[in-house]
Amino acid sequence: MILAILETGKGFWEPITFLAFALLVCLTVFIIRMFGRKGFTYSKDKARAFFSGNLADENSRVKASDYFWGFFEAMKPYYNLIMKIHTGIINDYVLWFVIVASLLLIALTLGVFQWV
Amino acid sequence: MIENIHFIAVALLIALGIYTLIFKRNLIKIAMGISILASGINLFLISLGYRAQGIAPIFTNAAIAASEVQAKMVLPAPQALTLTSIVISLAVTALMLSFAIIIYQKTGSLDATKSRRLKG
Amino acid sequence: MITILQQHSAALLVALPLLFAFLTPLTAKLNAKLSKLVIFIGLALITLTAAIVSFDVFSTGTKLYVMGAELPSVAKPASLTIPVRIIFEIDAFSAFMILIAALIAVVACVYSLRFIKESTSKYYSVFFLMLAGMFGLLSTGDLFNLFVFIEVLSLASAGLIAFRHNEVESVEAAYKYLIISSLASLMILFAIGILYGQYGLLNIAALAKALRFSFVDVVALALLVSALAMKAGSVPMHFWVPDAYSRAPAAITALLVVASQACLYALFRISFTLFGAFPLIQLIAWAIIILGLLSMFVGVTMALPQKDIKRLMAYHAISQTGYMLLGVGLGLLANNSAMAPFGLKAMEGGIFHIMNHAMYKSLLFLTAGAIIYATGKRNLDELSGLAKKMPFTTIFFIIGAAAIAGLPPTNGFASKLLIYESAYMFNPLFSIIAMIVSVLTLVSFVKVFCAAFLGPELKELADVKEVPKSMLLAMLLLAFFVLLFGLFPSFVVKTIVEPAANALLNQAAYIGAVL
């Protein structure tokens with residue numbers, strides 16, 4: 001009962017099996033890693049950080065607003081439109097409700113009179 | 001026409017309330033819009049329960065015969081609904097106005113187009 | 001004692017929060033320690049009652065409670081044809097929602113212990129009032145009470161959103177929230193008036209039986225659906241959600257998520273139970289599906305560029321609401337058709353997602369609250385390298401982020417898989433959109449994780465410490481449930497989600513319990 005398979009309509013899902021498999025993969029990775037060279041030592045020279053081909057400053061960071069710059073550049077027309085809608089003015093919030101309610105009403109009215 | 005005048009008033013009040021909510025930019029006027037809307041709906045509820053020459057639904061020592069009860073007595077439910085709704089809209093109005101007061105105290109403005117520090 | 005508690009549990013579910021909302025400030029006047037004790041007793045009693053109610057409903061079926069009747073479980077005397085008293089009707093779906101609300105209430109209360117430092121008695125008083133509104137909304141079987149409890153819920157929520165009233169943004173968010181909620185509830189009241197004017201009934205079950213679907217009823221339906229969709233925060237009526245969620249104290253945001261879902265509950269109750277026999281119900285189903293798809297996509301794309309950590313999460317809350325609307329909308333579309341088995345699966349996914357969402361979203365909001373509590377900053381640009389300073393918060397954030405992005409083996413994956421695979425049977429496009437939205441969700445949480453938790457430690461954040469233990473305990477509780485439900489999804493679906501979905505689909509049973 002507790003470990004039953006979750007039927008999802010077209011497939012199924014069983015997390016315990018998934019976890020067992022994930023564990024197996026981890027084990028395999030670990031075994032492969034054991035074949036590696038012994039006596040490797042970590043030093044700062046072997047793990048230097050590069051940023052766009054230049055040696056990076058230890059304390060440099062990417063700010064949150066700079067993430068996914070390319071995505072926003074590509075989606076600019078969409079974001080220009082959608083940001084214009086989010087005005088933050090309470091009157092516009094009400095206006096959108098009135099628009100949705102009247103659209104729904106029109107759709108239902110058309111449906112009702114066709115159905116009658 | 002004339003017997004439906006209260007429903008026309010209801011429609012006018014609701015339309016006026018929604019107009020105020022959409023087009024008036026003053027935070028106090030927006031609160032008034034909600035109040036007007038609430039009055040329209042209260043009027044709607046109370047006019048649903050109206051019955052010409054009806055009497056109060058008190059059965060003890062009622063002045064009418066038991067057979068007439070169905071025809072004469074008014075259903076108390078709409079009045080109860082309206083009373084509850086009036087009390088609620090009073091609380092809403094008080095809270096809205098106190099928010100408007102705080103916004104005015106902090107920013108010196110009641111303009112809805114300026115009161116948009118949260119956007120995007 | 002226990003039998004009385006059991007018999008009157010449905011009424012106590014609303015009465016107890018009201019009582020403690022009154023007692024908390026009263027005892028705070030006498031003694032601060034006593035007030036803390038009263039809050040704990042109140043919360044324990046309310047949780048116990050909610051557990052008893054849910055257990056009763058899941059083991060013995062729909063529970064009726066008639067206010068003021070000699071026998072609370074008898075809907076009406078035999079001499080009457082319609083119920084006249086106020087009736088609470090709790091079926092499996094209501095019980096399911098009550099369980100969620102009680103769990104999040106406990107977590108929010110534990111979290112608030114150290115999180116809220118000033119005017120605690122006022123805070124807990126309104127907190128209990130909010131619980132009263134929520135439990136009432138979830139258990140009522142009467143349309144007018146639905147309106148009253150929505151109003152109680154909105155008033156209490158607005159008061160708590162403006163809790164930090166020295167920040168003008170909080171008051172602005174509360175003002176906007178209150179205008180939107182009172183507009184929605186007035187439209188609901190108008191719709192109730194329309195229905196009452198025609199049938200003279202307020203009881204949902206009796207009204208569902210009497211409805212003749214005239215044109216005026218359709219007006220009422222349109223008003224109810226759009227108003228409740230706005231209260232649930234679906235695009236394009238979602239603008240209040242980021243404002244209110246981002247400015248409320250974190251524990252209240254978690255509770256606001258459940259409050260929105262209570263309105264989602266009301267939306268489903270109206271469309272499945274009240275208008276279940278409506279010949280054009282497929283139009284409503286399509287409206288719900290379209291609102292859901294829009295919410296999913298617009299919510300997540302608006303979340304991506306956000307800099308305020310809680311505002312980002314609030315947009316994700318909108319996007320996740322879309323999944324619930326899509327899943328349950330598909331169930332409504334397929335009701336009584338050849339696609340019904342897939343519709344049921346989609347509904348199970350949607351309803352399971354309600355529970356999962358309440359857990360992982362609350363967890364994420366609590367971690368965001370912990371970051372703001374520890375650093376005093378909410379802008380992601382000013383945060384960096386918190387992972388070393390707040391290791392436990394980081395772990396909880398990773399669990400929550402994995403769940404919202406739908407990574408196995410968390411609970412979010414199980415419910416999303418149910419929705420993907422059943423939605424695929426209706427239209428592959430639905431699944432594709434749902435998956436793209438899931439990927440974008442992951443992308444945006446990777447951004448939060450990298451920006452706030454990884455990266456070099458900043459000078460101005462040098463003396464940041466891990467948050468107090470009570471806040472960590474609250475987060476641990478939610479993280480535990482997220483993983484538990486992720487590991488045993490079939491058990492949860494079988495025991496509580498499937499009865500809830502069936503209760504929603506079975507209109508005749510809901511009507512039959514009263515008439």
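The values are calculated or read from the model by the stated rules, or taken from the named source; none is laboratory data. Since the model is a prediction, treat every value here as computed from it, not as a measurement. Heads up, the Cβs are rebuilt from the backbone with ideal geometry, glycines too, and the neighbour counts pull from every protein chain shown.
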Per-region count, the stretch C:192-223, residues of a type outside the set (Asp, Glu), at the interface with another protein chain (Cβ under 10 Å from one of its Cβ atoms) and in a helix (DSSP H, G or I): 12
Kindly indicate whether B:Leu48 is under 20 Å from the mean Cα position of the chain (by Cα), exposed (fewer than 15 other Cβ atoms within 10 Å of the Cβ) and in contact (Cβ under 8 Å) with a residue 12 or more places away in the chain. no
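Name every residue in the stretch C:160-178 that is at the interface with another protein chain (Cβ under 7 Å from one of its Cβ atoms), part of a helix (DSSP H, G or I) and farther than 22 Å from C:Leu267 by Cβ, in order of residue number.
The initial filter retains those residues of the stretch C:160-178 that are at the interface with another protein chain (Cβ under 7 Å from one of its Cβ atoms), namely C:162, C:165, C:168-169, C:171-176, C:178.
Filter once more, so that each one left must be part of a helix (DSSP H, G or I): C:168-169, C:171-176, C:178.
Hits for the stretch C:160-178 are C:Val168, C:Glu169, C:Val171, C:Glu172, C:Ala173, C:Ala174, C:Tyr175.
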Looking at this structure, is A:Phe12 more than 22 Å from the chain's Cα centre (by Cα) and either small (Gly, Ala, Ser) or loosely packed, with under 10 Cβ neighbours inside 10 Å (or both)? no
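Determine if the stretch C:7-28 includes at least one residue that is polar (S, T, N, Q) and farther than 18 Å from C:Ser125 by Cβ. Walk me through how you get there before you give the answer.
Here is the first cut: in the stretch C:7-28, the ones polar (S, T, N, Q) are C:7, C:9, C:24, C:27.
Next cut, farther than 18 Å from C:Ser125 by Cβ only: C:7, C:9.
Taking every residue of the stretch C:7-28 in turn, at least one turns out to be polar (S, T, N, Q) and farther than 18 Å from C:Ser125 by Cβ.
Could you please find all residues in the stretch C:33-46 being surrounded by 18 or more Cβ atoms within 10 Å (Cβ to Cβ) and either out of contact with any helix residue (DSSP H, G or I) (no Cβ under 7 Å at 6 or more places or on another chain) or at pLDDT 90 or above (or both)? It would help to see each step written out before you state the result.
Residues of the stretch C:33-46 surrounded by 18 or more Cβ atoms within 10 Å (Cβ to Cβ): C:35, C:38-39, C:42-43, C:46.
Within the stretch C:33-46, C:Val38, C:Ile39, C:Gly42, C:Leu43, C:Ile46 meet the criteria.
Inspect all residues belonging to the stretch B:55-76 and state whether any of them is at the interface with chain C (Cβ under 10 Å from one of its Cβ atoms) and at pLDDT below 95.
First, the residues of the stretch B:55-76 that are at the interface with chain C (Cβ under 10 Å from one of its Cβ atoms): B:75.
Subsequent filtering for residues that are at pLDDT below 95 retains B:75.
Yes.
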Look through A:Gly39, A:Gly9, A:Gly88 and report the one residue that is outside any helix (DSSP H, G or I) and within 14 Å of chain B (Cβ to nearest Cβ). A:Gly88
Count of residues meeting criterion [assigned to a helix (DSSP H, G or I), aliphatic (A, V, I, L, M) and surrounded by fewer than 24 Cβ atoms within 10 Å (Cβ to Cβ)] in the stretch C:108-131: 4
Within the stretch C:287-315, tally of residues that are in contact (Cβ under 8 Å) with a residue 12 or more places away in the chain, more than 19 Å from C:Arg247 (Cα to Cα) and within 21 Å of the chain's Cα centre (by Cα): 12
Pairs returned, first residue in the stretch C:456-471 that is farther than 24 Å from C:Leu363 by Cα, second residue that is part of a helix (DSSP H, G or I), beta-carbon separation under 8 angstrom, 6 or more apart or interchain, are C:Leu458/C:Glu382; C:Glu460/C:Glu382
Tell me which residues, restricted to the stretch C:271-286, are surrounded by 24 or more Cβ atoms within 10 Å (Cβ to Cβ) and within 19 Å of C:Tyr323 (Cα to Cα). C:Ser271, C:Phe272, C:Ile284
What do you reckon, is A:Ala64 among the aliphatic types (A, V, I, L, M), within 30 Å of C:Ala452 (Cβ to Cβ) and crowded, with 18+ Cβ neighbours inside 10 Å? yes
Single unsatisfied condition, A:Val29 versus (1) within 14 Å of chain C (Cβ to nearest Cβ); (2) within 24 Å of C:Phe449 (Cβ to Cβ): (1)
Which numbered condition in (1) more than 9 Å from every other protein chain (Cβ to nearest Cβ); (2) touching a Cys at 6+ places or on another chain (Cβ under 9 Å) is the only one that A:Gly53 fails? (2)
Answer yes or no as to whether C:Thr375 is buried (at least 24 other Cβ atoms within 10 Å of the Cβ), touching a residue at least 12 places away in the same chain (Cβ under 8 Å) and hydroxyl-bearing (Ser, Thr, Tyr). no
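Which residue, of C:Ala500, C:Ala479, C:Ala508, is of a type in the set (A, V, I, L, M, F, W, C), more than 10 Å from chain A (Cβ to nearest Cβ), free of Cβ contacts under 8 Å to residues at least 60 places away in the same chain and more than 23 Å from A:Ser65 (Cα to Cα)?
Details: C:Ala500 fails: free of Cβ contacts under 8 Å to residues at least 60 places away in the same chain; C:Ala479 fails: free of Cβ contacts under 8 Å to residues at least 60 places away in the same chain.
The unique qualifying residue is C:Ala508.
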Going through the stretch C:225-254 one residue at a time, which ones are part of a helix (DSSP H, G or I), within 27 Å of B:Ile41 (Cβ to Cβ), at the interface with another protein chain (Cβ under 10 Å from one of its Cβ atoms) and not charged (D, E, K, R)? C:Val225, C:Ser226, C:Ala227, C:Ala229, C:Met230, C:Trp240, C:Ala244
B:Ala31 passes all but one of the listed conditions (1) within 14 Å of chain A (Cβ to nearest Cβ); (2) in contact (Cβ under 8 Å) with a residue 24 or more places away in the chain; (3) surrounded by fewer than 20 Cβ atoms within 10 Å (Cβ to Cβ); the exception is number (3)
Touching a strand residue (DSSP E or B) at 6+ places or on another chain (Cβ under 8 Å) and either in a helix (DSSP H, G or I) or at pLDDT 90 or above (or both): which single residue out of C:Ala15, C:Ala11, C:Ala50 fits that description? C:Ala11
For the condition buried (at least 24 other Cβ atoms within 10 Å of the Cβ), on the phi > 0 side of the Ramachandran plot and more than 9 Å from chain A (Cβ to nearest Cβ), what is the one hit in C:Gly406, C:Gly412? C:Gly406
Do the conditions hold for C:Val110, that is, is it at pLDDT 90 or above and among the aliphatic types (A, V, I, L, M)? yes
Mind listing whichever residues of the stretch C:266-276 are under 13 Å from the mean Cα position of the chain (by Cα) and either within 14 Å of chain A (Cβ to nearest Cβ) or within 24 Å of C:Ala474 (Cβ to Cβ) (or both)? C:Leu267
